[in-house]
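Reviewing the structure listed below.
Bear in mind these aren't lab numbers, they're just calculated from the coordinates by the rules spelled out. Note that the coordinates shown come from a computational prediction; the quantities given were computed from them, not determined experimentally. Please note: Cβ atoms are built from the backbone with ideal geometry, for glycine as well, and neighbour counts cover all protein chains shown.
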Amino acid sequence: MQRVAKQLILLSSLSALIVACSEQAPPEPELSFEESLQQQLIQAQPGDVIEIPAGTHELTRGLSLTVDGITIRGEGMETSILSFANQAQGAEGLLVNADDFVIEDLAIEDTVGDALKINESNNVTIRNVRTEWTGGALTTNGAYGIYPVQSSNILIDGAVAIGASDAGIYVGQSTQIIVRNSRAEFNVAGIEIENSTFADVHDNIATNNTGGILVFDLPNLPVQGGRNTRVFNNQIVNNNTANFAPEGNIVGEVPAGSGLMVLANDSIEVFGNEFTDNNTAHVMIVSYYITERPFEDPNYDPFPETIYVHNNVFNAGGSTPDSEPLQALQAATGQDIPDIVWDGTMVPGKSAEDILCLSSNGDVSFVNLDAGNGFAAPSFDPSTHDCTLPSLSVISLSSNAD
């Protein structure tokens, strides 16, 4: 009996000790917003919605996502802000390598590198997202704001991109693309479609950039043969910001005051746009040779072809060109640079009509710079290009993005 009593006393003491220890155990530390967001991205399952609450959330490390079928959703691009002003790790703000991805209603600010990079992804929706470097147009800003690359079925809708030292909204080496209802401002390139196919760029505002909208095809990239882009119903206005791209970047050669530049890209239709107060030229169609950069890529086609510019409105522009050949032209003529500038580089075996057609642009002015002959004999006669081309097809995305 005495032994049983001792055992009961011992059990009672152990129980009291356990209770005391449990009462004294410190609570689990609460995760910071940054830790919680990182954890959600790592542990995400297809179909998850990751919510970004209202407020400015300070982040010190880049974020990444590799899970398909995820939505990241804030409460508005002026309300839910991911700030990377104190970023210490990572090359991007958010790097995504996942299909069926949606990001909407938030802002990404002041990243060290690219703000939102999406790589090798299919079915991407970027809706009501703002990327911005808040210190103004600085060479030290990240290169790209919104940056899908080597991807397909991309919808960028209602976006705002400010301050990128390369391109605010950039889609590269991709196919089936829509960029619409967006605003690009104070970037080197406002909106850029590069080495891509089948894109619609419409109902956007490109203003206060170095170049408003660029459609480029460049050598030495895994994906080439850019073609079939429609640029329509955009306001391309006052793109006169001094070029602040880092030295050596191809976009660093874009003259301040460029409205739309087509470089070595094919089957481009430009219509229904308003061009106003772009001080170098409203529209420039040029070959890669204009850059004077050597290339050794045997598969690269450096010439633009089948460019159709029609039914646009052109207002004041071309008054102070930021280009030596155009400055020389202005000095020789005493006139503003014409609305539409073609470098005049001929494609072997092609006619001028095969390269550029102009139709129904009102009282538009034009110049062929004769760049292939050292700018020896510029021509202002647009009659050679008085032709039409079949309209390109409307882009329809094969996903739930559109």
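Using only Cα atoms, tell me the angle between helix 324-333 and the longest principal axis of the chain; keep it within 0 to 90° and round to the nearest 10. Approximately 40 degrees, to the nearest ten.
Rounded to the nearest 20, the size of the Cβ-charge dipole of the chain about its Cα centre is 1120 debye, with Lys and Arg at +1 and Asp and Glu at -1.
Projecting the Cα atoms of Gly158, Thr66, Ser196 onto the dipole axis of the chain, where Lys and Arg carry +1 and Asp and Glu carry -1 at the beta carbon, places Thr66 farthest toward the positive end.
Hydrodynamic radius of region 113-385 by the Kirkwood approach over all distinct alpha-carbon pairs: 18.1 Å. When peptides 361-367, 166-172, 341-347 are ranked by their average number of other Cβ atoms within 10 Å per residue, the highest-first order is 166-172, 341-347, 361-367.
Annotation for region 286-359 versus region 61-95: alpha-carbon center distance of 39 Å.
Compared with the dominant principal axis of the Cα atoms in the chain, helix 33-43 is inclined by about 90°.
Applying both filters, DSSP loop and at most 15 other Cβ atoms within 10 Å, to the GluC sites (Glu not before Pro) of region 270-343 gives Glu292, Glu296. Considering only Gly135, Pro246, Val215, and ranking their Cα positions along the charge dipole of the chain that arises from unit charges at the beta-carbon of Lys, Arg, Asp and Glu, the one farthest toward the positive end is Gly135.
Packing-based ranking of 376-383, 135-142, 189-196, 117-124 yields 189-196, 117-124, 135-142, 376-383, ordered from highest to lowest mean Cβ neighbour count within 10 Å. Compared with the dominant principal axis of the Cα atoms in the chain, helix 2-24 is inclined by about 30°. Each residue, Ala328 and Glu253, gets one label point 7 Å from its Cα in the Cβ direction; the gap between the two is 1.6 nm.
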